[in-house]
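Here's the structure, in structure tokens; my notes come after.
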Amino acid sequence: MAHNASEQIDARSDSADRLTEAAEPLTGLQRACGGEIPGEIAIPALRDLVAKSRQFGLKLARSIKANDGRDAITAWLEVTPASDGGCTIRVNSWATSPLAVDDPREVAAHRAAIERNLAELTATLDPRQRVLGVSTNAADLAGLAAAMQQGLHQPWTDFVEIEGSGFEQPMHWRLLDGAAITIAGSTRKWRAALLPSEVPGGDPAGFELCLTADAPLAPPLPKADPNALVMPSNEPGLVGRDIAPVLRQPIARIIANAETIRNRMAGPLADEYSQYAADIAAAGQHLLALVEDLTDLEVVEADEFNTAPDRIDLADVARRAAGILGVRAQERGITIDAPKLGEHLPAIAEFRRVLQILLNLVGNAIRYAPDNSQVWIRLEDAGARANLIVADQGPGLNADQQAKVFEKFERLGRSGEDGGSGLGLYISRRLARAMSGDLTVESASGQGARFVLDLPADLLASAPTTAQNPD
């Protein structure tokens with residue numbers, strides 16, 4: 001119930017804008033706002049009016065609004081400068097009413113707007129937290145975005161590490177909302193936010209994943225020593241700087257919306273329209289992959305292109321690639337035979353670039369291999385060199401095809417979505433050679449293909465190596 005008081009309330013302040021005396025209920029509001037009497041004025045609207053009156057030497061009057069944590073308060077203030085440098089304060093028409101209860105929907109919308117504004121990566125998820133589309137412009141999240149794009153329809157938790165959690169993923173979304181996460185290839189600490197697409201009376205129809213860092217990305221350090229291992233200082237060109245950032249977000253939204261329709265998350269839908277939405281999503285994914293390939297092409301062909309070599313374990317990278325592409329392989333009954341836990345092959349290379357090469361090689365193997373076949377990822381210790389081999393049971397390549405397979409825009413006669421952009425192997429070989437390595441192929445018609453990634457070995461590493469060959 002509202003409370004009204006018609007009596008006049010007097011108060012005084014000193015030259016330092018401290019409230020020296022006051023009658024109730026002004027005293028109670030001062031203390032509810034964290035102040036004392038005597039003490040600095042803690043009521044923001046009163047403090048502002050007193051300061052202006054004292055500064056300009058004028059009597060000022062104004063209606064103010066405040067709250068004490070329980071009630072909303074309105075009052076009419078009259079502040080007059082006093083001869084001692086302070087002010088006399090008269091408060092009239094004091095009125096209180098219960099604070100309005102925040103609408104949960106407005107609170108959720110406000111929080112969502114903040115999360116989207118701060119996020120450096122956003123992804124659309126289905127009700128089971130599987131990735132439908134992803135978008136980012138953060139340099140240290142490019143590897144994560146590429147992995148998610150390659151592994152669509154896998155839970156987003158497959159691509160990151162949830163700090164302090166040993167439970168099977170994905171966990172309930174409320175437990176993951178606000179979770180601290182670690183991302184391979186990024187030194188920053190990250191926080192995940194899951195924004196549900198609410199369905200009245202039911203479970204969420206999907207989610208928007210927002211990843212926010214604890215700090216902005218530091219610029220690359222200048223190269224002081226030509227022999228030192230440093231971060232690359234490549235500047236993006238026209239595609240990477242101007243075109244790709246404009247295209248990524250709308251294409252990702254087209255894919256996400258099409259997947260939402262295809263999965264009938266927005267409601268019942270006839271089968272033919274669901275298939276039409278699937279075709280739109282597939283075309284969008286192909287277009288987004290082409291944009292990313294053109295961006296990478298521009299980078300690797302730049303004269304100043306270089307990589308950031310580090311000590312990595314090729315077995316670990318291989319297992320990650322196999323995990324990312326596992327769902328795509330399972331859809332066709334293909335088994336990926338990757339290095340087992342305990343196998344290691346130390347090398348000197350850039351983790352993100354090696355993962356990019358492997359995702360391309362394994363993805364191609366899955367694309368060309370027959371259903372219910374196998375793809376092998378093997379390690380080979382060659383002394384000063386470390387080899388990682390991807391082999392499949394596909395149709396193989398004849399001599400003429402082997403001579404062309406690493407050429408730009410070469411798709412070996414394939415077209416459309418199935419043929420890709422024809423840039424993946426060209427870019428992969430450029431990346432391998434930029435890391436003082438190489439990418440080669442061994443094959444014969446009808447006998448599958450065997451791609452060999454050759455890199456400098458990390459001779460100082462103490463981890464054991466394992467050498468195996470495809471069966």
Report summary line: One finds, for residue 337 and residue 409 with R0 = 30 angstrom and r their Cβ-Cβ distance, a FRET efficiency to the nearest 0.05 of 0.45
Query - Pairwise FRET efficiency - residue 137 versus residue 59, Cβ, R0 = 45 Å, nearest 0.05 - result: 0.25
Report summary line: Descending packing, highest mean Cβ count within 10 Å first, for 62-68, 88-94 is 88-94, 62-68
Report summary line: Rg/Rh of the stretch 310-456 (Cα atoms, Kirkwood Rh), to two decimals, equals 0.94
Requested in this report: Give the peptides 367-379, 331-343, 129-141 in descending order of average Cβ contacts within 10 Å, highest first.
Outcome: 129-141, 367-379, 331-343
Requested in this report: Determine, for each peptide in 12-18, 312-318, the mean count of other beta carbons within 10 angstrom over its residues, then list the peptides with the highest first.
Outcome: 312-318, 12-18
Report task. Please find the FRET efficiency linking residue 399 to residue 99, where r is the Cβ-Cβ separation and R0 is fixed at 60 Å, and quote it to the nearest 0.05. Result -> 0.15
Query raised in the report: What ³J(HN,Hα) values, in whole Hz, does the Karplus curve 6.51 cos²θ - 1.76 cosθ + 1.60 give for the stretch 20-31 when θ = phi - 60°, with x put for Gly and Pro?
Result: 9, 7, 6, 8, 6, x, 5, 4, x, 5, 4, 6
Query raised in the report: Which semi-axes, in whole Å and largest first, does the equivalent ellipsoid of the stretch 266-326 have when worked out from the alpha carbon gyration tensor as the square roots of 5 times its eigenvalues?
Result: 36, 20, 7
Report task. Per residue of the stretch 58-65, in order, report the coupling 6.51 cos²θ - 1.76 cosθ + 1.60 (Karplus, θ = phi - 60°) as ³J(HN,Hα) in whole Hz, putting x for Gly and Pro. Result -> 10, 6, 10, 9, 6, 7, 10, 10
Query raised in the report: How big is the Rg/Rh ratio for the stretch 3-98, C-alpha atoms only, Rh by Kirkwood, two decimals?
Result: 0.94
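No lab work stands behind these numbers, since they all come straight from the coordinates. The shown structure was predicted, so the numbers you read here are calculated from the model rather than taken from an experiment. Methodologically, a virtual Cβ is constructed for each residue, glycine included, from the backbone with ideal geometry; neighbour enumeration extends over all protein chains shown.
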